[in-house]
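First the structure, in the form of structure tokens, and then the observations on it.
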Amino acid sequence: MIEHYAPFDLFQWLSDDARNAFMREARKGRFPAGTLIYTEGERSSQMYRIVHGTVRLSVARANGREVIYKFFEPGDCFGVSTCIDQEPYPQTAEAGDDVEVQVINQASFNRLRAGDRSFEDALLRLMTRQMRLLSVFTAESHLDDLTARVASRILTAIQSFGQPDEVGIRLKVHLSQADLALQVGTSRQSVNKILHRLQEDGVLLIEYASLVVIDLDKVQRLATKSGG
């Protein structure tokens, strides 16, 4: 049986010994929905692995502008970079719903690095995967039209949180139009227009704080179609 791992789960690259060592070193943390796990610029060398729930990573500016980087799912690891370079957290992490995490502090992190070479390899792979995702998001924001960007983020959400049913693929996570707008760098009204057009075309259904994708192939085609 092939085990499913979240895209940013260190466990997929760890040896059995390193995985067991991680479990021994980790302590449990729980955060109610809407709680800030840490804030951008905060100094606190701890990394996290999600056990249950979803975590919203975002970046904000003093003028109120905000961009959502990603919604992380169970298994995903975040906050890792600060344990590597001891610099402040680059994003704000917020519990999207009630969240349980495994917490690794700096001392435990250092022991894991020293104890098994596969942990070092897993860190490199995790950082590389995150850099690739950032590269994709940067290219989309500069080169793709708004419909393509919205479709891309819907596709990403479906891949992590989609649940097939008799209608289509239903998002299991709270995803408001405002959240989508913050992910693609536009207004909620602009996202609303695109979603209603896609609904009229039979591509998806709009539900309260969520979506049901009916035509996945169409969403995939839209996500790869850049403006010109």
Practice problem: Please determine, by comparing only the residues of segment 206-224 that are part of a strand (DSSP E or B) and crowded, with 17+ Cβ neighbours inside 10 Å, which one is nearest to the chain's Cα centre (by Cα). | Solution: Leu211
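Across segment 43-70, what is the total count of residues that are more than 19 Å from Phe11 (Cβ to Cβ) and either of a type in the set (Asp, Glu) or part of a strand (DSSP E or B) (or both)? It would help to see each step written out before you state the result.
Restricting attention to segment 43-70, the residues satisfying the condition of being more than 19 Å from Phe11 (Cβ to Cβ) are 43-45, 56-69.
After this cut, where a residue has to be either of a type in the set (Asp, Glu) or part of a strand (DSSP E or B) (or both) as well, the list is 56-60, 66-69.
Counting residues in segment 43-70 that are more than 19 Å from Phe11 (Cβ to Cβ) and either of a type in the set (Asp, Glu) or part of a strand (DSSP E or B) (or both) gives 9.
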Quiz prompt | Among (1) outside any loop (DSSP other than H, G, I, E, B); (2) more than 21 Å from the chain's Cα centre (by Cα), the one test that Gly202 misses | solution = (1)
Quiz item: What's the number of the condition Phe109 fails, among (1) in the same structural domain as Ser190 (by TED's automatic domain parsing); (2) over 26 Å from Ala33 (Cα atoms); (3) among the aromatic types (Phe, Trp, Tyr)?
Solution: (1)
Quiz item: Only one of Pro88, Pro74 is touching a His at 6+ places or on another chain (Cβ under 7 Å) and either farther than 18 Å from Ser108 by Cβ or of a type outside the set (S, T, N, Q) (or both); which?
Solution: Pro74
Quiz item: Residue check, Ile50 against (1) under 19 Å from Arg125 (Cα atoms); (2) modelled with pLDDT under 95, all met but one. Which one?
Solution: (2)
Exercise. Just give me the residues in segment 24-42 being surrounded by 11 or more Cβ atoms within 10 Å (Cβ to Cβ) and either in contact (Cβ under 8 Å) with a residue 60 or more places away in the chain or not assigned by TED's automatic domain parsing to the domain that holds Arg113 (or both), in sequence order.
Key: Glu25, Ala26, Arg27, Gly29, Arg30, Phe31, Ala33, Gly34, Thr35, Ile37
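Mind listing whichever residues of segment 172-199 are among the β-branched types (Val, Ile, Thr) and either free of Cβ contacts under 8 Å to residues at least 12 places away in the same chain or part of a helix (DSSP H, G or I) (or both)?
Across segment 172-199, the qualifying residues are Val184, Val191, Ile194.
Here are some residues: Glu25, Glu66. Which one is modelled with pLDDT under 95, more than 14 Å from the chain's Cα centre (by Cα) and not small (Gly, Ala, Ser)?
Details: Glu25 fails: modelled with pLDDT under 95.
The match here is Glu66.
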Quiz item: How many residues does segment 158-183 contain that are under 27 Å from Gly64 (Cβ atoms), out of contact with any Phe, Trp or Tyr (no Cβ under 7 Å at 6 or more places or on another chain) and not charged (D, E, K, R)?
Solution: 9
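The values are calculated or read from the model by the stated rules, or taken from the named source; none is laboratory data. These figures come from a predicted structure and were not determined experimentally. When we count neighbours, we look across all protein chains shown, and the Cβ atoms used for this are built from the backbone with ideal geometry, even at glycine.
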